[in-house]
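The values are calculated or read from the model by the stated rules, or taken from the named source; none is laboratory data. Note that the structure is predicted; figures quoted are calculated from it, not measured. Ideal geometry is used to build each Cβ from the backbone, glycine not excepted, and the neighbour counts take in all protein chains shown.
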Amino acid sequence: MVNEIPDERFKRMVLANQYRILALLDDGDSADFWERAADVAEQGWPAGDLPGYERLEEAALQPLTEEDQVFVLDVFTIYLLLQDAADAGMKPGDGRRVDFPGFDGNHEQRFLAYVDHLLREDRFTHVRSSSRDYNSHWPMVETYRNMVAAWHRLGRPNRLSQRQFDEIVAERGRPIDLAAAIGQ
């Protein structure tokens, strides 16, 4: 008679094994972190204590929708258009640059994760960002929604006139409701 390993134990065994492999592969300071993570998995501690669990939980509660994907693609397209226009000599009326700020790593994680995915797929890598990690450290979704709405009102042009450029850029200066932006 063959004894079967219960699913939960099997999952934890596999996870602990993966963490131990990461510990062996890590040539930096994180090897101890992965060893401790393997211990957590093996000892049956709450799943919330496992590395990466919080992000998985967030993704399960608020998955990225097709609408969200289109939104991020529109935002990248707008910044590409703004940067092309700026490179051609147009200057924003607010005097700021047109580098893509990214999304807030604390409150807009699913959007930031999708940006990371697009960049790993070599899409939109030519759009200049104001930060290396595309983390704006400030909620941006509401601002981007205003910019996307303006671009749609203008007919979604693939080249911007000075008037169109100014209209879209003006949307990033509108005040935002911070509580609404972070979902509180």
Requested in this report: Looking at (1) assigned by TED's automatic domain parsing to the domain that holds Met140; (2) free of Cβ contacts under 8 Å to residues at least 12 places away in the same chain; (3) in a helix (DSSP H, G or I), find the lone condition where Arg110 falls short.
Outcome: (2)
Report task. State whether the residues of region 132-141 include one that is basic (Lys, Arg), surrounded by fewer than 20 Cβ atoms within 10 Å (Cβ to Cβ), within 15 Å of Leu80 (Cα to Cα) and in the same structural domain as Gly105 (by TED's automatic domain parsing). Result -> no
Query raised in the report: Does Asp87 fit the bill of being among the acidic types (Asp, Glu), in the same structural domain as Gly155 (by TED's automatic domain parsing), closer than 23 Å to Gly173 by Cβ and without any contact (Cβ under 8 Å) to a residue 40 or more places away in the chain?
Result: yes
Query raised in the report: Does Val127 satisfy the criteria of being closer than 20 Å to Gln164 by Cβ, part of a loop (DSSP other than H, G, I, E, B) and without any contact (Cβ under 8 Å) to a residue 60 or more places away in the chain?
Result: yes
Requested in this report: Give region 56-105 a look and list any residue that's assigned to a loop (DSSP other than H, G, I, E, B) and among the aliphatic types (A, V, I, L, M), or say none.
Outcome: Leu64, Ala88, Met90, Val98
**Report entry** Condition met for Val127 (modelled with pLDDT of 95 or more and touching a strand residue (DSSP E or B) at 6+ places or on another chain (Cβ under 9 Å))
**Finding:** yes
Requested in this report: Collect the residues in region 158-178 that are at pLDDT 95 or above, over 12 Å from Pro92 (Cβ atoms) and surrounded by 12 or more Cβ atoms within 10 Å (Cβ to Cβ), keeping them in residue-number order.
Outcome: Ser161, Gln164
Report summary line: Going through (1) hydrophobic (A, V, I, L, M, F, W, C); (2) part of a helix (DSSP H, G or I); (3) under 24 Å from the mean Cα position of the chain (by Cα) one by one, Met13 fails only at (3)
Query raised in the report: Is it the case that some residue within region 64-79 is of a type in the set (Asp, Glu), modelled with pLDDT under 85 and surrounded by fewer than 14 Cβ atoms within 10 Å (Cβ to Cβ)?
Result: no
Requested in this report: Mind counting the residues in region 16-55 that are within 28 Å of the chain's Cα centre (by Cα) and not in a helix (DSSP H, G or I)?
Outcome: 9
Query raised in the report: Has region 32-44 got at least one residue that is out of contact with any Ser or Thr (no Cβ under 7 Å at 6 or more places or on another chain), of a type outside the set (S, T, N, Q) and surrounded by fewer than 10 Cβ atoms within 10 Å (Cβ to Cβ)?
Result: no
Report summary line: When region 1-31 is checked residue by residue, the ones that are surrounded by fewer than 17 Cβ atoms within 10 Å (Cβ to Cβ) and basic (Lys, Arg) are Arg9, Lys11
